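The block underneath contains the structure these notes are about, expressed in structure tokens.
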Amino acid sequence: MEKKLRTKDKILHASIALFNEVGERQVTTNHIAAHLGISPGNLYYHFRNKEDIVRQIFKEYAKLLETRIKPPSAHTEALDALAEYLDAIFELMWRFHFFYANLPDILARDSALQQDYARVQQGVLERVISVLNALKSKAVIDIADEDISDFAHSIKLLVTFWISYLKTQAPDKAINHASVYQGVLKVLLLFKPYATTKALPRIEKLQQHYIMLAQSDPTSS
């Protein structure tokens, strides 16, 4: 039997959908209440204001970061772990693309959220470094130890601002699966110069996999 969502969860889900569809800045609590067919008072019973909703969404985002982005275990095949990492990146970029699209503005309006974001992102950087160290130890990439931190920063930079970049290039174009997969491909491309001879064919096969996923998206035309 399917579990019935609580009103609070329905508000969060509807907010994410509306923020992704039209942009967080354009959505008010009245829009969210109307979308759900509830009164504004009912919404305010669960959330004080829109900033409170955004903070709760960020907590969900942060929890997914912690559970999905992690180094491969000793028993995980290294390139399977890389694919899982890229899939996690796609899931987060797609599910919360409103956040990536307007990150500086959202954080500038909420100093508490800004502090939480900085703390969470430091943890993300440490986990990405752990992923890269594991891939090096499993002979997937060959990179100097002193370059791993900068490589992790480059990956984080691309992931964080890929959707913002797309919006600057085509402000009126909707973000779709294909455009997010293009971001995943850009991340994978960063790995290719460091790929070992043994791993390169598998990385190129993975690249073709994401190209096909991008091209198969029915909303990309």
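In the set (1) over 23 Å from the mean Cα position of the chain (by Cα); (2) loosely packed, with under 15 Cβ neighbours inside 10 Å; (3) not polar (S, T, N, Q), Ala108 fails one condition alone, (1). For the stretch 1-21, filtered to residues that are more than 18 Å from the chain's Cα centre (by Cα) and part of a helix (DSSP H, G or I), the residue that is modelled with the lowest pLDDT is Thr7.
Restricting attention to the stretch 166-221 and to residues that are basic (Lys, Arg) and under 19 Å from Arg95 (Cα atoms), the residue that is surrounded by the most Cβ atoms within 10 Å (Cβ to Cβ) turns out to be Lys167. Reported count of residues in the stretch 46-79, each being farther than 27 Å from Ile175 by Cα and without any contact (Cβ under 8 Å) to a residue 24 or more places away in the chain, is 6. Listed by first and then second residue, the pairs with beta-carbon distance under 9 Å, at least 6 apart or on different chains, first residue in the stretch 176-187 and assigned by TED's automatic domain parsing to the domain that holds Glu21 and hydrophobic (A, V, I, L, M, F, W, C), second at pLDDT 95 or above and surrounded by fewer than 22 Cβ atoms within 10 Å (Cβ to Cβ), form an empty list. Condition first: buried (at least 17 other Cβ atoms within 10 Å of the Cβ), at pLDDT 90 or above and assigned to a helix (DSSP H, G or I). Now tell me which residues in the stretch 129-142 satisfy that. Within the stretch 129-142, Ile129, Leu132, Leu135, Lys136 meet the criteria. As a summary of the residue check, Tyr45 satisfies the conditions (1) loosely packed, with under 14 Cβ neighbours inside 10 Å; (2) part of a loop (DSSP other than H, G, I, E, B) except for the one numbered (2). Just to be sure I understand, how many residues within the stretch 203-221 are at pLDDT 90 or above and part of a loop (DSSP other than H, G, I, E, B)? Summing the residues that are at pLDDT 90 or above and part of a loop (DSSP other than H, G, I, E, B) in the stretch 203-221 gives 0.
When the residues of the stretch 146-202 are filtered to those that are within 20 Å of Ala78 (Cα to Cα) and among the small types (Gly, Ala, Ser), the one that is modelled with the lowest pLDDT is Ala199. Each residue in the stretch 88-105 was checked for being touching a Leu at 6+ places or on another chain (Cβ under 7 Å) and surrounded by fewer than 17 Cβ atoms within 10 Å (Cβ to Cβ), and 0 of them qualify.
The values are calculated or read from the model by the stated rules, or taken from the named source; none is laboratory data. Bear in mind the structure is a predicted one, so any value in this text is a computation, not a measurement. Please note: Cβ atoms are built from the backbone with ideal geometry, for glycine as well, and neighbour counts cover all protein chains shown.
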